[in-house]
Every structure is written in structure tokens, then in C-alpha cells.
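A short write-up of the structure that comes next.
FYI, it's all coordinate maths here, none of it is from the lab. Quick caveat: nothing in here was measured; it's all calculated off a predicted structure. Don't worry about glycine lacking a Cβ; one is built from the backbone with ideal geometry, like all the others, and counts go over all protein chains shown.
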There are 4 protein chains.
Amino acid sequence: MDEHAQILGELVKSVQILEECKEFALLVPEVRVNIVYALSNAESTGDVAGIDGRITVVNGYPKAAGLPKFGASDHMARAILEIRKYRPEIRAGINFKYDERLKKIIVEYARLKNLSVGGIDRSKEPEKERLSLIKSMPWKIRYLKEVYGFIPDIFYETAGWGKEPLFVVVSAEPIKAASISVEIAREYARTLLNL
Amino acid sequence: MDEHAQILGELVKSVQILEECKEFALLVPEVRVNIVYALSNAESTGDVAGIDGRITVVNGYPKAAGLPKFGASDHMARAILEIRKYRPEIRAGINFKYDERLKKIIVEYARLKNLSVGGIDRSKEPEKERLSLIKSMPWKIRYLKEVYGFIPDIFYETAGWGKEPLFVVVSAEPIKAASISVEIAREYARTLLNL
Amino acid sequence: MDEHAQILGELVKSVQILEECKEFALLVPEVRVNIVYALSNAESTGDVAGIDGRITVVNGYPKAAGLPKFGASDHMARAILEIRKYRPEIRAGINFKYDERLKKIIVEYARLKNLSVGGIDRSKEPEKERLSLIKSMPWKIRYLKEVYGFIPDIFYETAGWGKEPLFVVVSAEPIKAASISVEIAREYARTLLNL
Amino acid sequence: MDEHAQILGELVKSVQILEECKEFALLVPEVRVNIVYALSNAESTGDVAGIDGRITVVNGYPKAAGLPKFGASDHMARAILEIRKYRPEIRAGINFKYDERLKKIIVEYARLKNLSVGGIDRSKEPEKERLSLIKSMPWKIRYLKEVYGFIPDIFYETAGWGKEPLFVVVSAEPIKAASISVEIAREYARTLLNL
């Protein structure tokens, strides 16, 4: 069996889960969403597949701009590569928007589902790391390890200079990450309706 | 490993081969192109994946309208299911336009590549089969078997009543079918340039 | 004001009407749908705008494959150019699938809305016209004129050799044609549900 | 004539200019690109059309995720509404990425083309404005007015807390803004090749 095809196919299934969930459109941030899946022996971003053009919102629904492709993600791919140094079973991840209301929902959701949650305070990031595309990601993941003792299943990054605050969900495979994301999105939509 | 994901992923790779070949736009027929891939134990069209919305031409390039999806094809899926009764190793197929010039190119191409070619003369189709969505496909494939003694790797259907003439390429997996199609498309483009 | 932009913009609005109507997916034929709009002094297909890649079905909804573009349609553009010889006020048209049940619904719909309906019997088409891409359209439109005395607002073509049967709606501008089409699609969906 | 259609159509033409320019993919920022066009009497973001889902990069080319639509933009729409208080002739704008190399190219380009250039130093933004979605834009445009005495044709915002640095080009209509952007993109690509 071809692991590359397997990975692209799991991403297709994950995109279908996201595209069918109208509420997930509420979680699409300015930088849009990507969902990634790494080869079991991934070493570089070329070994990680993501959605070409990311996932945006069209006609009110989440919509993948292109097909899954190896090398299509930079930021999320580097996050997964870095996380795997501490949790080698993690091969997939997805990002979505961060806000205070969502944080409350996710903390409660994670408690019910027995998932770990953490946050990166980017105001603590030293300037040397902050200004470097290469060094920033290792700092962030190390920060999680140091603060929590492990890399949480769900974590957020607060806003940084030039950086939108974001949530990230990581998992062994992308359908899990997509399913968690749409459950959170539906809960978020319910909360907004009840305001 | 998940065979469904494997199949969706191989179709993603096949679409990438087709989308990168501008010349393949010349082969897109009125009914558009689909490329399908069946589960190894496929019994119904729901067990065959195809491209949701088919492959059309946008900005001069072939473009998949949607993602690969099980049940997304009817015509090509039924063709593969029927062909598998005679050639069980066949699990993938693609259709594209038919014309006389293309037929000449394909006959020559198939000779060089050691592929078999055949044609279905739809004027021979009995009315009972012709008027039935269900019976027409078995008749067509049986026709090939009877005329050629086997199901050819590449075959065309001449125009029928309400039916555009089309070529079909079948193979064990879709990357092969896509690769054959883009080679034919490039040869067709060269021929058109030399007219 | 720029008439080209006006036309592209009216087509955008028409596509939005079609894409929001899930029932219209039921009317998408094998050859897909195009909707076209001609410059007021259109003389060739380059003076008629249509949807690049046509309108297909993705995730169960009608979906334009590309943007409106001048020269993007051949068949529907030639139909409108030919119709304008008899009804110069007609500048827009859309095609969709034909079947017997739909024909009944449309005849009734047209009666209520005071629209004219007609049909082209392609079995009457002389071989000389049938085999010619250029001569077939003039014959079809002349046929309507001769049989009905005018070009109907809605007409169908029965199946021909290599030709899918289709309905065509024509109008002065495309929003009208799109609106008629979605009304018919909703009625058709109701009928299918009641079977 | 319908001004809404006119605006949607001009945006279609602008998207075609951007999509045909492969080099423009180099200017697509994390937050993606939007191009907007306001009604002549626009008062709210619903009176400004933008690209639904923004413009992203697929297969290496810029690609509009959806069709032009009124209300599809928030950030760029509010920028144009605010700028019109000082320069009422401005009705269109586009954003793209900012970096130091691009800034040099744009300053030189603007000099040759007799366009004005300016920049917003977001580190000067008072906290009250910075934390408010509503107040930040008026502050930014007022800043330009105060520093330059007018609103420049091209301006950048440096990175802010949670905000990616960006360039914005404004003009009376969007084809001008799109054309300027692709000229800059081609110059930027040439510079990268010569490094």
C-alpha cells in the first residue's frame, strides 16, 4: 500500500467532515484553516500533506480551495514536525480561530472528552525567536512542554506581533482532529445563539 | 490500512496528473470527464469513487469541480462494475472525447504501448437495451467481449441516440489510466498544431 | 458604463440564484448547465458571456466551475445568436435536462406564467444539418419558427445522434432565465417527492 | 443600468487579471487577498462587494475561492469606507503581503508611476483603538492623513499585535488596483530571481 495515497485520502475524508459542517465556518480565522497529515517518518514539510490554498468560507460553508497535496502547508506542517519530537504518535493537526468565548467552550469540551488543553503566551517569546521564522516554532512547542510537562491535544497561541491568535488540535490522524473541530464548532454556534 | 482512503488518495494523485496537463483540456467532452476507482470487492456504484462534479475546463486547464467521493459517478462506475465480470483486475477507468483524428492517434499509441483497442458500434444496440439505463451497459461490455474476445484496455463508443461518442481507458489503478490519457492528449495537441 | 462588466455582473447574480437552489441540482444534465448573456450588438460567440467550465453539482449543490467570461460558451452562445435573428430582444439563455415528467411540469408552469413552450424534434433534422456543427443550430431555430410561428420562451430538443435531450429557457436578461429555472426545479422536486 | 451588476462585473474582470498572473501568487499573504469595490454612495460594508472566500493560491496560481458578492469583505470594505471620507473618489482597494524587499520595489514603482506611498506605524496605535475592531480603522486612516496630509494611493501597515503587516492599493475602480498589483508582483518576481 502507498502511504502517500493513504494520507491524501484521509485528508479528503477530513475535508468532507469539515465542509459538511456549516458551523465550522464560524471558526475560520483570517489566515484560514489548514489540516495536515504527516508521513510516519516525516522529516521535512515536504513529507506533510495539507490543503492546497487552505480551507476558506464560500457561500457560508467551509470550502477547501484545492486538493490535498504534500508540501502545501508550511506553518501547520512545521508545528507537527516539532510536536513529534515530544509526542511521536502525533501526525495530524488543524488550526482555527481563537477568542475568549471559544476558549471557555474548549476547556469544558476537553474536560468532558478527557483531552488535554494548553496555551502559549506569545508575550513571553524572546525577541530572537520571535523574529525568526525557523526558531519561533521550536520555542512555542518547547514552551508547552515546559509549562505543561507534555504537548496538549488542544492548544492556543495568543496574538503575537503580526500573528493572529489561533487554536490548534493535534491527533494521530486527521479525521479525529476534524471531528473534534466540528464538535467544538457546533457547541460554539449554540453558545452564540443563546447570547 | 483503510482501502477507502487509499482509493480517494490515488484519485487525488490522478487528478493532479490531469490538472497539470493543459493539453488534456482538448479531450474534455460535452459530458465532462470522470475518473473512477473501485473497491477491490466493489458490487455497486456506491463502492466506486469518482470526482464529485466531474472534471471540467477552467481558465484553459482541466479542473476537478469537487473532491473524490464514493458514489460520485454513475456511468463510469457501472462500466467498471460490468467490465470486472470479464476482467476482474480492472478497477479504474476514465472517459474522454471521441473523434476520428483522436481514434487514429490512439490506435497508433496503443500499438506502440502494447495496449488493446476496441470500439462499440452503438447503431448495433437493440432498442430494448438502448432505452434502458440498466441494460445498456451490460450490452456494451458484452458486445466488446463478443467482437474482440476480451475487453480492450481502451475502447470507444460511437454516438448513440442522445449519447455523445466517448473513449474509455481502463486499468488496474487510476494513475495508469490518467497517465495514458495525458500522453494521448499531448500527442493529439501535437497533431492539431501540425495541421 | 461598461456593457461588458454589466453582463459579467448580471451573470454573477444569476449564478448566485442557481447555486442557492439545491433543487436545481436535479436539473443538471450530463453536459452540465451553461447560462449566457450577449452584448446588445453581439455578432459572434466572443460577444456572448457564459460560465467558464459550466455549472456542475458539487456536494449536492449547483456550483459554477469558474467565473463568467466572454467566449466561454459555444452551444448556448450560438443558440442565442441564432434566436436573435427572429427575436432581437432575446439576449440570455440557460439549458437544463429534459425528461417526460419535467416536460409536463414545464407545460403547466408556462401556462400559468403566460410563457410560450415548444419543442424541436431532432429526428426531423436532415442529415446535412445534423452532421454539421455550423448548420445544425440554424436548422433548429428555423424549425421552431416554422412549427410555432415564433421562437418560444422555453423549448426542448429531443435526443439526437450523439446529443442529449435538453430544455432551453431564453429571456431578455439572465436573472429572468435563472429565476424561471429555479421555480421549475422546485416544482420538479415537489413532484418527485410525491411519487 | 444596474450599479450592483456593474460592480460585480468589474470585480470579475479584476479577478481575471490577478488569476492570470502567476507572479501575484508571491504576494498572497497569510490572511489571503481581497479586492473590493464600493457603490458610489456606499455607507456600510453591505454596500461594498468583495470576493467570497478571498483570493488564495491553488496549483501555484492566484485563485478566487468564490464569486464577487456584496458584503463579502469586512476589513478591506471598512478601509475603503473610511478612506472615502478624505478621498471620495476612491471606491476600490486590494491588499497583499508586506516585506522590506517589496517596500523598496513599491517605493520605486510608485515614483515612476507618479503614485503616492505611505505607511502606518502600528506601534503608534493607542491601546484604546488597537483593542477595538471599530476604532482601529478610523485611527489608521486618520494617521495617514495626519502624517502625509492625504491618503496615499499605496500604503502599508506594519505588523500589529495579532495583525500581519500588509500593503493596500486604493483606486477609483478595481481594474486599476489589480493592474498595479500585478505590475508590482512581476517586478518582485524579477528581483527574487536576481538575488
Notebook entry, point to check: Quick one: putting +1 on the C-beta of Lys and Arg, -1 on the C-beta of Asp and Glu, what dipole do you get for the protein assembly as shown around its Cα centre, in Debye to the nearest 20?
Noted result: 0
Checklist line | Mean separation of Cα contacts under 8 Å (6+ apart) over length of chain A, as relative contact order % | finding: 25
Next item on the list: Compute the Cα gyration tensor for segment C:70-116, then decide on rounded, prolate or oblate, letting a ≥ b ≥ c be the square roots of its eigenvalues: rounded whenever a/c is under 1.5, prolate when a/b is larger than b/c in the other cases, and oblate in all that remain.
Entry: oblate
Margin query: Can you give the local net charge around C:LYS103? Use residues other than it whose beta-carbon is closer than 14 angstrom to its beta-carbon, Lys and Arg +1, Asp and Glu -1.
Written below: -2
Notebook entry, point to check: Considering the zone a paramagnetic label at C:SER116 would reach in this model (a point 7 Å from Cα along the Cα-to-Cβ line), which residues of segment C:149-170 have amide N under 13 Å from it?
Noted result: C:149-155, C:170
Check: In D, who owns the beta-carbon nearest the axis carrying D over to C, and how many Å from it?
Finding: D:GLY9, 2
Item checked: Student exercise, segment B:24-126 dipole from Lys, Arg, Asp, Glu Cβ charges, in Debye to nearest 20 -> 260
Item checked: Radius, Kirkwood style, for segment A:3-193 when every pair of distinct Cα atoms is counted (Å) -> 16.5
Notebook entry, point to check: At what distance in nm do the modelled label points of C:GLU108 and B:SER132 sit from each other, each positioned 7 Å from its Cα along Cα→Cβ?
Noted result: 3.0
Next item on the list: Beyond 50 Å, what share of the Cα-Cα pairs of the protein assembly as shown is found? Please give it as a whole percent.
Entry: 19
Check: Looking at this model, which pairs from C:LYS69/D:LYS63; C:LYS69/D:LYS13; C:LYS69/D:LYS113; A:LYS140/D:LYS124 are more than 20 angstrom apart at the alpha-carbon?
Finding: C:LYS69/D:LYS113; A:LYS140/D:LYS124
Check: So for A:THR158, B:THR191, fewest C-beta neighbours within 10 Å to most, what's the order?
Finding: B:THR191, A:THR158
Item checked: Computed [θ] at 222 nm, deg cm²/dmol, chain B (DSSP H ≥ 4; -39,500 (n - 2.57); rounded to nearest 500) -> -13000 deg cm²/dmol
Next item on the list: Holding the Cα-Cα limit at 28 Å, pick out from A:LYS163/D:LYS176; A:LYS145/D:LYS135; B:LYS22/B:LYS103 the pairs that are longer than that.
Entry: A:LYS163/D:LYS176; A:LYS145/D:LYS135
Next item on the list: Quick one: work out Rg over Rh on the C-alpha atoms of segment A:29-126, Rh as Kirkwood radius.
Entry: 0.99
Next item on the list: Counting only DSSP beta bridges with both residues in the protein assembly as shown, tell me the antiparallel percent, nearest 5.
Entry: 85
Check: At a Förster distance of 56 Å, what's the computed FRET efficiency of B:ASN194 paired with A:ASP99, Cβ-Cβ distance as r, to 0.05?
Finding: 0.35
Item checked: Lys, Arg +1 and Asp, Glu -1 on Cβ, resulting dipole of chain D about Cα centre, debye, nearest 20 -> 420
Notebook entry, point to check: What shape does segment A:73-152 take by its C-alpha gyration tensor, where a ≥ b ≥ c are the square roots of the eigenvalues and a/c under 1.5 counts as rounded, a/b above b/c as prolate, and the rest as oblate?
Noted result: prolate
Check: What ranking do B:HIS75, C:HIS4 get, fewest neighbouring Cβ atoms within 10 angstrom at the top?
Finding: C:HIS4, B:HIS75
Notebook entry, point to check: At what distance in angstrom do the alpha carbon centres of segment C:122-157 and segment A:1-79 lie from each other?
Noted result: 49
